[in-house]
Every structure is written in C-alpha cells, then in structure tokens.
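The values are calculated or read from the model by the stated rules, or taken from the named source; none is laboratory data. From a predicted model like this one, the values you see are computed outputs, not experimental measurements. All Cβ positions, even for glycine, are placed from backbone atoms using ideal geometry, and neighbour counts span all protein chains on display.
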C-alpha cells in the first residue's frame, strides 16, 4: 500500500490529508481560533477543593479554572516529583498503562495490607502549587480537565515520568517481538524516574532509534521540570505540538512515499 500525506497551510488553519493508494484515508484540520490545550502542561495553583464532588479547581491562567479529580492528584508536589512509590497509584497514567498490561493470575498469597489513611485527608491544599496536564479541552461553561499523571508522547514510546511501570501496546501480538521490546526497556539505565509504554510504531524498529526517542522524552521532561521551578503560577511550561508536527511524528513512516506541503 502506497501512502501520501498532503499538508495545506492557510491563514488561520492547517489541513492534512492522508491518502492510501490515491484514496482519502484520514483528514485532519486545526484552526487557530480553536487551539486545543490537550497535552499542554501548566504550573497551576489550587483555587478551591470540593470533597463533595471529589475534585479541585486549579488556576492555570485560562479564562476558566481547570478541574482536577482528587483521584488524579497522586503526585501533586513539585518537590516530590521524582519519588516512586512501591505500589502504583491508579491515576490517568496508570489507567493508560493498565490497558497494555496483562492481567495477573490470581494467587492464594495475601498481599500486604496497605497503610490506612485518614478518610478526611485530602491530597491537595488550597493555594498549593501543582504541575498538571490537560486531558480534556474546555467545553461550554466547563474548564479543562486536568491530571498530575503527566505523559509525553514520542514516535515509538510514551514516557510517564511519575508512573514507574512499563507496558507494551496490545496491538503488538508476536511474543518474540514483545520480548525484544521488553529487553530494550530494561536497557534504559539512563531513566531517573517513571516508566514507558511502547507504541505499535516500534515494531521492527531498532534499539538505537527507540532509545533515542526515549532519551529525547526524558530530556524534555527535565526541561519542563526546570522551567516549572522558575515560573510563578499560573504558567504554561509545555505546549503540545501542533498538527503538522504531530503528523511528522506519528504518520511519517516507511510506507509513506511522499509528504507534500504548500508552505515553506
């Protein structure tokens, strides 16, 4: 199958068409007046906490405060961002990871009891500074949905700096390929914290390319952390790639014969 990617850049918008054997396969459009916040990372400040709805409103410098579920606020402190718990916390990053991990077989051995927490103890405090990522754009009267379980997508892997567990896409079915990718993940001795999810684009890709992608993401995270320390909330510390860069990252593969763009 021969693929082509056509990119049109006009004033205020960008359009991308993906053709397979001359027929339209996918179409994307991005408008300047409706810029998505999805994937952006902000240093925000907690404005209010509502235990009755299990959430908090966070000022991220937008017209409306973002909403953060308390269950997605497992790693709210900037100073504790490198801390890795012995047991995974089930937030957005862990939920994403659970999609790729096989279910563990049942065992008769009882798991150690988790330390009891005060049921009135909250993971956030008013006026607390918190590093958050947008997982859902604002809609109507509602602000953006936020999480502290940050993820950075590369071409071959997704890096989750505060969720220290690895996973492989279920779409990669061959056992020998899954094992090869597991061995590559084990070789990531340069990673200070967090975990990775291997994307389907990694199939038959060499260790060098996958490692380079992972190193790029970990270096990006260090820049985000350092910038967050310097900024006063509310502040944008990372802006997700625009449509054209996402196309190059995710769609420009060996099967693509041409990428044509009408703008220098």
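The table below gives the values:
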read-out	value
Search result, residues across segment 171-220 that are out of contact with any strand residue (DSSP E or B) (no Cβ under 8 Å at 6 or more places or on another chain), closer than 18 Å to residue 251 by Cα and surrounded by 15 or more Cβ atoms within 10 Å (Cβ to Cβ)	201, 203, 205
Scope segment 28-41; condition farther than 17 Å from residue 235 by Cα and at pLDDT 95 or above; matching residues	none
Unique match (being free of Cβ contacts under 8 Å to residues at least 24 places away in the same chain and at positive phi) among 140, 194, 206	140
Residues within segment 47-82 that are in a strand (DSSP E or B) and either crowded, with 22+ Cβ neighbours inside 10 Å or modelled with pLDDT under 90 (or both), tallied	4
Filtered residue count, segment 2-22, keeping only those that are on the phi > 0 side of the Ramachandran plot and either crowded, with 18+ Cβ neighbours inside 10 Å or touching a residue at least 60 places away in the same chain (Cβ under 8 Å) (or both)	0
Selected residue [more than 28 Å from residue 69 (Cα to Cα) and either in contact with a helix residue (DSSP H, G or I) (Cβ under 7 Å, 6 or more places away or on another chain) or modelled with pLDDT under 95 (or both)] from 152, 181	181
So residue 103, is it under 28 Å from the mean Cα position of the chain (by Cα), modelled with pLDDT under 90 and within 17 Å of residue 69 (Cβ to Cβ)	no
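Okay, residues lined up against (1) surrounded by 15 or more Cβ atoms within 10 Å (Cβ to Cβ); (2) touching a helix residue (DSSP H, G or I) at 6+ places or on another chain (Cβ under 9 Å):
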{"residue": "228", "(1), (2)": "yes, yes"}
{"residue": "232", "(1), (2)": "no, no"}
{"residue": "251", "(1), (2)": "yes, no"}
{"residue": "257", "(1), (2)": "no, no"}
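Here is a yes/no grid of residues against (1) modelled with pLDDT under 90; (2) in contact with a helix residue (DSSP H, G or I) (Cβ under 6 Å, 6 or more places away or on another chain):
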{"position": "1", "(1), (2)": "yes, no"}
{"position": "11", "(1), (2)": "yes, no"}
{"position": "15", "(1), (2)": "no, no"}
{"position": "43", "(1), (2)": "no, yes"}
